[in-house]
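Below is one structure, written out as structure tokens; the observations come after it.
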Amino acid sequence: VLMQTVFGVAVHGDLWLYAAAMLCCLPPSLGLGLILTAEARNQAQALQLTFLVGLPSIMLSGFIFPRHNMPQAVMWLSALIPTTWSVRLARGIVLRGAGWPDLWTEFAVLSALGLCYITIGGWHLKRRLR
């Protein structure tokens, strides 16, 4: 609603699909947060790890720089970042008006990343608390 009313950005796709896409982005991001929480020994270290992961996530996701101009190794690394897939979903729905048939792979990758990161983070935190 803010995109349309305040900024004047026309949304070409379904807003409910966009809401589902943004909800699908939460589990992998929370999983990464869980991994960072398990790794940090104190609050200052957790903040530093957040910046260490957060800034490259934005820079490598394709939000600022196009991914197709990046070296192949960086493109593979950026595929492990949830922000990459959320940017693809947002661009597909908002700018192109893409639907579920066009974006199911992005949803599947985000779901797999969420499952993987939450599992790793939970295992790591459980091991750390022992």
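The values are calculated or read from the model by the stated rules, or taken from the named source; none is laboratory data. A quick note: this is a predicted structure, and the numbers were derived from the prediction, not measured. All Cβ positions, glycine included, derive from the backbone under ideal geometry; neighbour counts span all protein chains shown. Ligands, DNA and RNA are stripped out before the accessible areas are found, and what is left, the full protein with its side chains, is counted by its heavy atoms. Shrake-Rupley method; radii C 1.70, N 1.55, O 1.52, S 1.80 Å.
Let me spell it out: the conditions are (1) crowded, with 19+ Cβ neighbours inside 10 Å; (2) closer than 17 Å to Leu26 by Cβ, and Gly62 meets all of them except one. Which number is the exception?
(2)
For residues that are more than 15 Å from the chain's Cα centre (by Cα), of a type in the set (A, V, I, L, M) and part of a helix (DSSP H, G or I), tally how many sit in the range 95-130.
The number of residues fulfilling the criteria is 4.
Answer with yes or no whether Ile35 is without any contact (Cβ under 8 Å) to a residue 60 or more places away in the chain and surrounded by 13 or more Cβ atoms within 10 Å (Cβ to Cβ).
Working: without any contact (Cβ under 8 Å) to a residue 60 or more places away in the chain: no; surrounded by 13 or more Cβ atoms within 10 Å (Cβ to Cβ): yes.
Against the criterion (without any contact (Cβ under 8 Å) to a residue 60 or more places away in the chain and surrounded by 13 or more Cβ atoms within 10 Å (Cβ to Cβ)), Ile35 does not qualify.
Which pairs do you get when a residue that is within 13 Å of Trp85 (Cα to Cα) and touching a residue at least 24 places away in the same chain (Cβ under 8 Å), found in the range 43-71, comes within reach of a residue that is assigned to a loop (DSSP other than H, G, I, E, B) and open to solvent by less than 100 Å² (accessible area, probe 1.4 Å), reach meaning Cβ atoms under 7 angstrom, with the pair 6+ apart or on two chains?
Ser57/Ile81; Ile58/Ile64; Leu60/Ile81; Ser61/Ile81
Out of the residues in the range 77-108 meeting the condition of being within 22 Å of Leu60 (Cα to Cα) and of a type in the set (D, E, K, R), tell me which one is surrounded by the fewest Cβ atoms within 10 Å (Cβ to Cβ).
Filtering first and then ranking leaves Arg96.
Test Ser111 against the stated conditions and say whether it is closer than 27 Å to Gln4 by Cα, hydroxyl-bearing (Ser, Thr, Tyr) and surrounded by 13 or more Cβ atoms within 10 Å (Cβ to Cβ).
Working: closer than 27 Å to Gln4 by Cα: no; hydroxyl-bearing (Ser, Thr, Tyr): yes; surrounded by 13 or more Cβ atoms within 10 Å (Cβ to Cβ): yes.
Criteria not met by Ser111.
Pairs, please: C-beta under 9 Å, at least 6 apart or cross-chain, first residue at positive phi and in the range 91-110, second open to solvent by less than 50 Å² (accessible area, probe 1.4 Å)?
Within 9 Å, the pairs are Gly97/Val11; Gly97/Gly13.
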